[in-house]
Amino acid sequence: MGVAGAGKTTIGKLLARRLGGDFLDADDLHSSANIQKMSRGEPLDDGDRWPWLDVVAHTAREHTGPFPLVLACSALKEAYRERLGLGQGCIVFLTGPRDTIEQRLESRPGHFMPSQLLDSQLEILEEPDWAITVSVTNTPDGIVEEIIHLLHRQSDDAMDENYSE
């Protein structure tokens, strides 16, 4: 999860490949009305997001391909993450300096999400306090390595808790 330009698609694809799973990009599930709205530089509101999040959640739940499923979704608010209802899923929050993310947005011509919408995303962002948080200032491969390391550490910590009970 993270704001537009954080690298969710790039990192998600690499992570899914490294973990032997599938990748799902929530951006591919936006309605044409949402895409047109963002293309005009208008931020989505909750009325636009709820139906989209429902489609994302349904698509993730219906996934039958190789697991794990790596889902790239902005999921900027806790309510959005709850709406996705991904249960046992692990959230990775990609974050970084505003100027770095803005430069990334400006370097992808033709994408429906213009850089002028970054501030609207940052305004509503509710950073998760229990997610794996990774800076996007590293290379994509370095970011994926860090995520995998943190996933293993989280898994080891969970096993240690189970054995100590």
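Observations, loosely collected:
- Table column - 3J(HN,Hα) (Hz), region 8-14, Karplus curve with 6.51, -1.76, 1.60, x for Gly and Pro: 4, 5, 4, 5, x, 5, 5
- Relative contact order of region 1-86: 47 percent, from C-alpha pairs under 8 Å at least 6 residues apart in sequence.
- Evaluating 6.51 cos²θ - 1.76 cosθ + 1.60 at θ = phi - 60° for every residue in region 65-82, the Karplus couplings come out as x, x, 9, x, 8, 9, 10, 9, 8, 4, 6, 5, 10, 4, 4, 5, 5, 5 Hz, glycine and proline recorded as x.
- Once C-alpha pairs closer than 8 Å and six or more residues apart are averaged by separation and normalised to the residue number of the chain, the relative contact order reads 33 percent.
- Here the 3J(HN,Hα) profile of region 113-119, calculated from phi with Karplus coefficients 6.51, -1.76 and 1.60 at θ = phi - 60°, is 9, x, 5, 5, 8, 4, 4 Hz, Gly and Pro shown as x.
- Anisotropy class of the chain from Cα gyration tensor, a/c 1.5 cut: prolate
- Of the residues 25, 99, the one with the fewest other Cβ atoms within 10 Å heads the list, and the complete ranking is 99, 25.
Rule-based calculations on the coordinates, nothing more; no lab input. Since we're looking at a predicted model, the values are computed, not measured. Don't worry about glycine lacking a Cβ; one is built from the backbone with ideal geometry, like all the others, and counts go over all protein chains shown.
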